[in-house]
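Heads up: the structure comes next, in structure tokens.
The values are calculated or read from the model by the stated rules, or taken from the named source; none is laboratory data. Just so we're clear, the structure is a prediction, and the values are computed from it rather than from any experiment. No Cβ is skipped: glycine too gets one built from the backbone with ideal geometry, and neighbour counts run over all protein chains shown. To get the accessible areas, we keep the full protein, side chains included, count just its heavy atoms, and leave off ligands, DNA and RNA. Shrake-Rupley method; radii C 1.70, N 1.55, O 1.52, S 1.80 Å.
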Amino acid sequence: METDKVLEEIKDIMVERLKFSPSRIPDLSLATALPKDIEGSLGLDSLDFIELSIGIEERFGFVIDETQDLAPHFHTLGTLVEYIKSRVV
């Protein structure tokens, strides 16, 4: 899958599952940080990451192995896109 397509799908998941305002979506880029406690990030907490993970699993058709350290993959939208691209064949 192309990077832009995956990013758009993630943005859709954020609006649908995390109830992000669609007006915030154009400001998001691959460099946007996700976790709270990072200056300028979206401020996602553990429950947000669970919802986002479920949405990704449903949308892209693979199971996220929660026994792995997923923090590096969920650091920015760019790292999340690359993670999804590596899992989707």
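From most to least packed by mean Cβ count within 10 Å, the peptides 43-51, 22-30, 77-85 give 77-85, 43-51, 22-30.
Rolling a 1.4 angstrom probe over the protein heavy atoms with all chains in place gives the chain an accessible area of 59 Å² per residue. Taking the chain as the region of interest, the number of lysine pairs whose Cα atoms are within less than 20 Å, with members eight or more places apart or on different chains, is 5.
The helix-only estimate of mean residue ellipticity at 222 nm for the chain, built from DSSP H runs of length n ≥ 4 each weighted as -39500 (n - 2.57), is -15000 deg cm²/dmol after division by the residue total.
Using a probe radius of 1.4 angstrom, the carbon and sulfur fraction of the accessible surface of the chain is 51%.
Which values, in whole Å and largest first, are the semi-axes of the equivalent ellipsoid of the chain obtained as the square root of 5 times each eigenvalue of the Cα gyration tensor? Provide the component values of the computation, followed by the final result.
Working: eigenvalues 64, 46, 33 Å².
Working from the Cα gyration tensor, I get semi-axes of 18, 15, 13 Å.
Heavy-atom accessible surface of Phe74, to the nearest 10 Å², is about 10 Å², with a 1.4 Å probe and all protein chains retained.
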